[in-house]
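Read-outs: derived from the displayed coordinates by stated rules, not from any lab. Since this is a predicted model, take the numbers as computed values, not measurements. For neighbour counting, all protein chains shown are included, and Cβ atoms are generated from backbone atoms with ideal geometry for every residue, glycine included.
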Amino acid sequence: MCIFALLAACVDDKLETETPQNGGRTVLVYVAADNSLSSFASADLAEMKTGMAKVKDDAGVHLLVYIDNGQSARLLELKNVGGTVTETEVRNYGQRNSVGVSETKEVFAEVFQNPQYRADSYGLVYWSHGEGWLPYPLRVGTRWIGQDKGDGTDHRMNISEFAEILSTAPHFDFILFDACFMQSIEAAYELRSYTDYLIGSPTEIPGPGAPYDEVVPAMFTADDAAVSMATAYYSPYAARYNPNVDVSNWNWTGGVSVSVLRTDRLEQLAQATKRAMTESVDNAWLRSGVVFDYDKRRSSSSSRVGYYDFAGMMEQVATDAAYDEWKKAFDDAVVYWTTTAENYSSYVGRFSMEGATGVSCYIPSAQNTPTDNAYRSTSWYESVGFRW
């Protein structure tokens, strides 16, 4: 999630895998909003209640919402009881750093180690600012995953720390990132062991984020929940999309994009990428505008990372035969992708999505910057064996 003139939504042991007794599905929505997005948190909670009213009153359905909007961090349970949605405060945590590893683990334990919420399947929504794979601290101006500024200090969470937290939870059916820039191949590959599907956008997302009145019912569909959620995320924005009407956070006409990655296909995709890469790649040429770039923050060089279209990059560097094999592996991994004709950036306004295919990648520069060095430490880089 990003902000400028408009806001744009830019116990530590692993659980035993025993057979759940309660059936159904437990979903935790983790809202780390003690930052510039705090005004959206209450509206999204209200949407979740509206969405929960559409979910069948069932003992196997559990929706927990951790919400920290700068006041007092709370864990809530939303239930549909005979057609009436109830909100129960499970725990009040007071003022805290909601992107701290120990603090987040505590919330996960409260939900996923509680026999009351035992289920056949689990889902997670992570709501905050986001910055894809980029580690923290690297430089001022970028956000990584999750931000908390409640005590006057700018706290953020690394993807490696997020993976550590996920290792204490049950395996998820899906993880939805309601945050900017999170559908990057580097972040997805790091998290591939913890969920079946990753849902997110490769670019900035709208300030209002997910339309939870539609997404919450999709969370509890029996089959294809990830694709159902992505469709529910996209459809309301597509219906309001209008390139002739100014964008505002309360009437978002600037479109949206969303994709779903199937994580059990990512290792095959890494191997296909390794086979398809040529010996010599002109990085500067690829970064010069040849490959679609989801990161439109050119007016702020301290913030800009460069999130290049993965398929677009591979089309330029692979031979025709190698690309065909690679594209099959890519299509097997990307089970859903859609976008309006334009999306909106808080830095440049509307921009065309022509050339976008739903997953970003990083292309190193020739300067050997701290970002380049950080990229070379990712599991994706190591697995693919890039030569750049």
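The residue that is farthest from THR84 (Cα to Cα), among those in region 37-49 that are out of contact with any helix residue (DSSP H, G or I) (no Cβ under 9 Å at 6 or more places or on another chain) and buried (at least 16 other Cβ atoms within 10 Å of the Cβ), is LEU37.
Could you please find all residues in region 50-73 being crowded, with 19+ Cβ neighbours inside 10 Å and either assigned to a strand (DSSP E or B) or out of contact with any helix residue (DSSP H, G or I) (no Cβ under 6 Å at 6 or more places or on another chain) (or both)?
Within region 50-73, the subset crowded, with 19+ Cβ neighbours inside 10 Å is 51-52, 55, 61-69, 73.
Answer for region 50-73, where residues must be crowded, with 19+ Cβ neighbours inside 10 Å and either assigned to a strand (DSSP E or B) or out of contact with any helix residue (DSSP H, G or I) (no Cβ under 6 Å at 6 or more places or on another chain) (or both): VAL61, HIS62, LEU63, LEU64, VAL65, TYR66, ILE67, ASP68, ALA73.
Restricting to region 206-238, and then to whatever is of a type outside the set (Ser, Thr, Tyr) and more than 24 Å from GLY60 (Cβ to Cβ), can you tell me which residue is surrounded by the fewest Cβ atoms within 10 Å (Cβ to Cβ)? Filtering region 206-238 for residues that are of a type outside the set (Ser, Thr, Tyr) and more than 24 Å from GLY60 (Cβ to Cβ), the one surrounded by the fewest Cβ atoms within 10 Å (Cβ to Cβ) comes out as ALA238.
Output the residues belonging to region 26-42 that are over 20 Å from LEU124 (Cβ atoms) and not small (Gly, Ala, Ser). The answer is none; no residue qualifies.
Looking at region 265-273, is at least one residue closer than 22 Å to GLU131 by Cα and in a loop (DSSP other than H, G, I, E, B)? Give the steps one after another, and end with the answer.
The initial filter retains those residues of region 265-273 that are closer than 22 Å to GLU131 by Cα, namely 266, 270.
If we keep only those that are in a loop (DSSP other than H, G, I, E, B) as well, we get none.
Within region 265-273, not a single residue is closer than 22 Å to GLU131 by Cα and in a loop (DSSP other than H, G, I, E, B).
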